[in-house]
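S.K.: Structure provided below as structure tokens; questions to follow.
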Amino acid sequence: MITRKLRVPIAVAVAAVAAGALAGCAGSSDSGSSGSADTYTWWDPYPQHEEGSDWAERVQACGNEAGVTIERTAYDTTSLTNQALLSAQEGTSPDVILLDNPAVSTLADTGMLTTTEELGLDTSPIDKNLLAAGEIDGETYGIPIGANTLALYYNADILKDAGVDPASITDWASLDAALAGVTAAGHKGITFAGINTEEGSFQFLPWFWGAGADLTALDSPQAVEALELWTGWVKKGYAPNSVIGNSQNTTWEEFLTGDFAFAENGTWQVNSAAGADFATGIIELPALKGGVAPAPTGGEFIIAPVQKDTSRYDTTKRIIDCMTTAEGFVETADTFAYYIPPTSEGQEELLKEHPELETWVSAVQSAKGRTSDNLGTDYPLISEQLWTAVQSALSGAASPQEALAAAQAAAAEATGK
Amino acid sequence: MTVSATDRASAMHDDTVAVTVPPERRRSALRQGSRWVAFGFAAPLLVYLVAFYAYPLIRSIDLSIHDYNVRAFVQGDAEFVGLQNYIDVVSAPLFGKALLNTAIFVIGSLVFQYAIGLALAVFFRNSFRLSGVLRALFLVPWLLPLIVSGSTWAWMLNSDNGIVNAALQAFGIGQINWLTSPDTAMTAVVIANIWLGIPFNLVILYAGLQNIPADVYEAAALDGAGAWRQFWSITFPLLRPVSAITLLLGLVYTLKVVDIIWIMTAGGPANATTTLAIWSYREAFGTGQPDLSPAAAVGNILIVIALIFGFLYLRTQRRQEDS
């Protein structure tokens, strides 16, 4: 039993400790980033690359070159955007962020990013179609550190068995014929991701753009044609019903079972495809009337949030420069094994080392940013309606025509256009 | 600390001195001191309540009556719009559907969770060999991380390769597109959620059963009441207070379920499983552009719904006590 004499001091002490702990929590968040003069903070969406990995060392090397230490934190893609917004609100933005390209315009819209002009970065060698995702109203808010995109992987064993020549697939009609061929031979046709998240829109866009449709008119006849292509595949049994809920990862798992002739997937699966139990190959996604369909660009931009202490920009610029030289791009591509450099010089260098990536380089060259065409922050609103329409049509809740008409109406209301 | 006279007298003989000699003057000083002591003890709790309950609630209301787009969020200059977000949300085409989905999800889940949980609790009331082990096994859904059980359900219910469809096909029933058809997706997530909620109902109802005295059953058995009659005339009525709180807690939990639905269908296909909670989550975090104000408005509507049921519960409880 504690005597009364002791009780008061103890209670006060407990209260003080508790209050102190709370104050401590509140206090520490203030000093989080933008710390000391020789430590620069860096956020990226690659939690799979841990401390001590090639990537972490590469980031640190760029810091050493600029004469500072880099404190790197990795978040997953969606939470990175939220974290960036929160930090900007609290005035504790990191010095450098690597950010998924469609999110760049969202952050730029808040005024939390510096333009490449302010920082004095040279964007002239960057491929215009890749840089476009970071351009809003004539200003550029970052530089792509690499690009990836979608193409059509095929199972060479199945195609051989069904007597289908992948080179014959040049437009939708020949792709349909190939799918009919492989399903007639008793195989499964194609798998893709129709999930109701950004991934669903990402996968649908090559067909949408390949038909000649435009994101400002979701209910155009071309758009309907693109959606009818997908619903037709599910109806005819070329694609499994599960595509409605598939993420790109699930799609890839399905392809790796060896049952599917085709899978729509991205550059990041190159290594995994090489390690599959069967022979694989890739072709570019065909457009409706032949030629290559523009696939959406994936990949991160390197961006520099606004700092109160503008004297930090010089070093930030040197870190960014280190990541965006031709050698820097190729080194990044090598570290990740799937990143295509965004400059022609970098692409040539990469092809010298890896001639097998040629299809990907050409796919990236004809790719198109989702937020390009000055869609900017309207894109997420339109995209949400687009994936909803894809879901409605694939699941049979509405016809492609009805689904897209509803999507256009909702998108127009959301964007106010 | 209240010490009765007899206690004090007996304490005199012991050596615990602390409470023995309270002269008048010191006592009043102590009383004043004890107010500070009381405050000192309450302070951490008060700070905790304000920081973790009041502030988030106020912030949520604040978000919902301003127009916070991402720009306003960062720059902190959101325009005051009053109830406009609530009007927008309620008049949105999705509202009716989301409300109906929420009702179906909650009622469907609660009815089966409670019925199955109660049946199991009654079953386990009679201890038998291995009953402890079996009861522990029923807790597994509770212990598994939701991402694990959610993903497992999604795999099992997969249209083409799921084990559920494989089993159904063995009995000659054709492929059911559990998660990918708007007609069955709600059923699928409700089934998964029932499975998740059974342990909670089982544990609380089982504890409630322990409080029903055994002699009531003995008397009933002597009067010739069978098991069925005993359940309806003794177990069920005596369990009513516990049932009420179980259902209320279940309701609050189920109203705000996001994770299991998000993992299995993300609210799809074609919004067939979009409940109010999912809608709120998607507005805030599910798209490329966080839309915090409508999300907060939907969230606050959910809080109000939960509160209404809370008050209903309190009222019925008070009436029960009065009678």
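S.K.: Count, please, the residues in the stretch A:214-257 that happen to be assigned to a helix (DSSP H, G or I), within 11 Å of chain B (Cβ to nearest Cβ) and of a type outside the set (A, V, I, L, M).
M.R.: Result for the stretch A:214-257: 5.
S.K.: Oh, and also: If I ask for residues that are at pLDDT 90 or above and out of contact with any strand residue (DSSP E or B) (no Cβ under 9 Å at 6 or more places or on another chain), which ones from the stretch B:64-82 would you list?
M.R.: B:Ser64
S.K.: Continuing with this model, one more query. Can you pull out the residues in the stretch A:254-301 that are within 11 Å of A:Leu150 (Cα to Cα) and touching a Lys or Arg at 6+ places or on another chain (Cβ under 6 Å)?
M.R.: Matches in the stretch A:254-301: A:Pro294, A:Pro296.
S.K.: If we keep just the residues of the stretch A:272-318 that are aliphatic (A, V, I, L, M), farther than 22 Å from A:Pro342 by Cα and surrounded by 19 or more Cβ atoms within 10 Å (Cβ to Cβ), which is farthest from the chain's Cα centre (by Cα)?
M.R.: Ranking the qualifying residues of the stretch A:272-318, first place goes to A:Leu288.
S.K.: Given the options A:Leu150, A:Leu227, name the one that is within 26 Å of A:Lys417 (Cα to Cα), under 27 Å from the mean Cα position of the chain (by Cα) and hydrophobic (A, V, I, L, M, F, W, C).
M.R.: Exactly one of A:Leu150, A:Leu227 is within 26 Å of A:Lys417 (Cα to Cα), under 27 Å from the mean Cα position of the chain (by Cα) and hydrophobic (A, V, I, L, M, F, W, C), namely A:Leu227.
S.K.: Here's something else I'd like to know. Go over the candidates B:Leu248, B:Leu255 one by one and state the one that is surrounded by 13 or more Cβ atoms within 10 Å (Cβ to Cβ), away from chain A (no Cβ under 14 Å) and closer than 30 Å to A:Glu199 by Cβ.
M.R.: Checking each option against the conditions leaves just B:Leu255.
S.K.: Right, something else. How about the stretch A:88-111: which of its residues are farther than 26 Å from A:Glu199 by Cα, touching a residue at least 60 places away in the same chain (Cβ under 8 Å) and at the interface with chain B (Cβ under 10 Å from one of its Cβ atoms)?
M.R.: Selection gives A:Ala88, A:Glu90, A:Gly91, A:Ser93, A:Gly111.
S.K.: Let me ask something additional. For the stretch A:381-401, state whether one or more residues are in a helix (DSSP H, G or I), free of Cβ contacts under 8 Å to residues at least 40 places away in the same chain and of a type in the set (Gly, Ala, Ser).
M.R.: Scanning the stretch A:381-401 turns up at least one residue that is in a helix (DSSP H, G or I), free of Cβ contacts under 8 Å to residues at least 40 places away in the same chain and of a type in the set (Gly, Ala, Ser).
S.K.: Please state which of the following conditions B:Ile303 fails to meet, knowing it meets all the rest: (1) crowded, with 21+ Cβ neighbours inside 10 Å; (2) β-branched (Val, Ile, Thr); (3) closer than 24 Å to B:Ile87 by Cβ.
M.R.: (1)
S.K.: Can you tell which of B:Ile116, B:Ile65 is more than 14 Å from chain A (Cβ to nearest Cβ), more than 30 Å from A:Leu394 (Cβ to Cβ), surrounded by 12 or more Cβ atoms within 10 Å (Cβ to Cβ) and over 25 Å from the mean Cα position of the chain (by Cα)?
M.R.: B:Ile65
S.K.: Right, here's the next one. Can you find even one residue in the stretch A:396-412 that is crowded, with 20+ Cβ neighbours inside 10 Å, touching a Phe, Trp or Tyr at 6+ places or on another chain (Cβ under 7 Å) and either at the interface with chain B (Cβ under 10 Å from one of its Cβ atoms) or not polar (S, T, N, Q) (or both)?
M.R.: no
S.K.: Six or more apart or on different chains, Cβ atoms under 8 Å: show the pairs whose first residue is in the stretch A:176-194 and in contact (Cβ under 8 Å) with a residue 12 or more places away in the chain and assigned by TED's automatic domain parsing to the domain that holds A:Ile244 and whose second is in a loop (DSSP other than H, G, I, E, B) and hydrophobic (A, V, I, L, M, F, W, C).
M.R.: A:Ala178/A:Val164; A:Ala178/A:Ile169; A:Gly181/A:Val164; A:Val182/A:Val164; A:Gly189/A:Ala239; A:Ile190/A:Ala239; A:Thr191/A:Ala239; A:Phe192/A:Ala239
S.K.: Evaluate the following for A:Lys317: is it basic (Lys, Arg) and either part of a helix (DSSP H, G or I) or touching a Cys at 6+ places or on another chain (Cβ under 7 Å) (or both)?
M.R.: yes
S.K.: Go through the residues of the stretch B:280-288 one by one and say whether even a single one is of a type in the set (Phe, Trp, Tyr) and within 10 Å of chain A (Cβ to nearest Cβ).
M.R.: yes
S.K.: Can you tell me which condition B:Ala167 does not meet? The list is (1) within 23 Å of B:Gly310 (Cβ to Cβ); (2) surrounded by fewer than 18 Cβ atoms within 10 Å (Cβ to Cβ), and all the others hold.
M.R.: The failed condition is (1).
Matching residues to (1) closer than 17 Å to A:Asp334 by Cα; (2) aliphatic (A, V, I, L, M); (3) modelled with pLDDT of 90 or more; (4) within 25 Å of the chain's Cα centre (by Cα):
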{"residue": "A:Ala23", "(1), (2), (3), (4)": "no, yes, no, no"}
{"residue": "A:Ser28", "(1), (2), (3), (4)": "no, no, no, no"}
{"residue": "A:Gly32", "(1), (2), (3), (4)": "no, no, no, no"}
{"residue": "A:Ser36", "(1), (2), (3), (4)": "no, no, no, no"}
{"residue": "A:Thr41", "(1), (2), (3), (4)": "no, no, yes, yes"}
{"residue": "A:Asp44", "(1), (2), (3), (4)": "no, no, yes, yes"}
{"residue": "A:Glu51", "(1), (2), (3), (4)": "no, no, no, yes"}
{"residue": "A:Cys62", "(1), (2), (3), (4)": "yes, no, yes, yes"}
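S.K.: Can I ask one more? Can you find a residue in the stretch A:108-118 that is more than 18 Å from the chain's Cα centre (by Cα), crowded, with 18+ Cβ neighbours inside 10 Å and at pLDDT below 90?
M.R.: Yes, the stretch A:108-118 has at least one match.
S.K.: Let me ask something else about it. Kindly check whether there is at least one residue in the stretch B:165-186 that is closer than 30 Å to B:Ile245 by Cβ and part of a helix (DSSP H, G or I).
M.R.: Residues of the stretch B:165-186 that are closer than 30 Å to B:Ile245 by Cβ, as a first pass: B:186.
Pick out the ones that are also part of a helix (DSSP H, G or I) and you get B:186.
Looking for residues that are closer than 30 Å to B:Ile245 by Cβ and part of a helix (DSSP H, G or I), one finds at least one in the stretch B:165-186, hence yes.
S.K.: Of all helices (runs of 4 or more DSSP H) completely enclosed by the stretch B:246-323, which ones contain at least 1 residues that are polar (S, T, N, Q)?
M.R.: Ranges flagged: B:276-281, B:292-322.
The values are calculated or read from the model by the stated rules, or taken from the named source; none is laboratory data. All values derive from a computational prediction rather than experimental measurement. Cβ coordinates were reconstructed from backbone atoms using ideal geometry, including for glycine residues, and neighbour counts include every protein chain displayed.
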